[in-house]
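Chemist: One structure is given below, represented as structure tokens, and several questions about it will come after.
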Amino acid sequence: MKAIEKVVKDAIAANKYKSGVREVLQSAKGSKLIIASKSMDAADRAKLDEQARSGGAQVYEFDGNSVQLGKLCNKPFRVTAIALKGTTDAEIKSVMAEQQQKGSGK
């Protein structure tokens, strides 16, 4: 979980992110990494996956609900999804590798 926390905190510090499903869907094309919480409903998730594919963004399945993602973003409310713009390819690779390890460890 460490790589994802660092990437999110860096993006927030640099103000290179959008949070909330509507904002994320609108900015998916210009984003490099989209993080979706487990509490996102199926219809929104399908739209998000489609937008991410067409915009060439990676989608990371956050291992927690929207409350936990909100806490990671230092927000006092639920955050269902965030889109990160100022993320390097190396950071994205390390985050996605972490997710792969989690998936194969189950």
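Chemist: As a test of the formula, what do you get for the chain when each DSSP H run with n ≥ 4 contributes -39,500 (n - 2.57) and the sum is divided by the residue count, at 222 nm and rounded to the nearest 500 deg cm²/dmol?
Modeler: -16500 deg cm²/dmol
Chemist: Would you please name the chymotrypsin sites (Phe, Trp or Tyr not before Pro) within segment 28-106 that are DSSP coil residues with at most 12 other C-beta atoms within 10 Å of their C-beta?
Modeler: Sparse-neighbourhood loop chymotrypsin sites (Phe, Trp or Tyr not before Pro): Phe77.
Chemist: Right, something else. In the chain, carbon and sulfur make up what percent of the accessible area (probe 1.4 Å)? Mind showing how you got there, number by number?
Modeler: Numbers: 2970 of 6050 Å².
Looking at the chain in its full context, I get 49 percent from C and S.
Chemist: Just to confirm, what accessible area per residue do you get for segment 1-86 at 1.4 Å probe, in whole Å²?
Modeler: Result: 54 Å² of accessible area for each residue.
Chemist: Report the charge-dipole magnitude of the chain in Debye, nearest 20, computed about the Cα centre from +1 at each Lys and Arg Cβ and -1 at each Asp and Glu Cβ.
Modeler: Here the chain has a charge dipole of around 180 debye.
Chemist: Label segment 41-91 by shape, choosing from rounded, prolate and oblate, from the square roots a ≥ b ≥ c of the eigenvalues of the Cα gyration tensor; if a/c is under 1.5 it is rounded, and otherwise prolate applies when a/b is larger than b/c, oblate when it is not.
Modeler: oblate
Chemist: Mind checking the full-extension length gain between Val67 and Asp89? Use 0.36 nm per residue of separation minus the Cα-Cα distance, one decimal, nm. Don't skip to the answer; put the middle values down first.
Modeler: Details: separation 22, 0.36 × 22 = 7.92 nm, distance 2.73 nm.
Full-extension gain reported as 5.2 nm.
Chemist: Among DSSP beta bridges whose residues both lie in the chain, state the antiparallel percentage, nearest 5.
Modeler: Details: 7 of 11 bridges.
Looking only at bridges with both residues in the chain, the antiparallel portion is about 65 percent.
The values are calculated or read from the model by the stated rules, or taken from the named source; none is laboratory data. As the structure is a prediction and not an experimental result, all values here were calculated from the model. In this analysis, Cβ positions are derived from the backbone assuming ideal geometry, glycine residues included, and neighbour counts consider all displayed protein chains. Please note that ligands, DNA and RNA were not included when accessible areas were found on the heavy atoms of the full protein model with its side chains. Shrake-Rupley method; radii C 1.70, N 1.55, O 1.52, S 1.80 Å.
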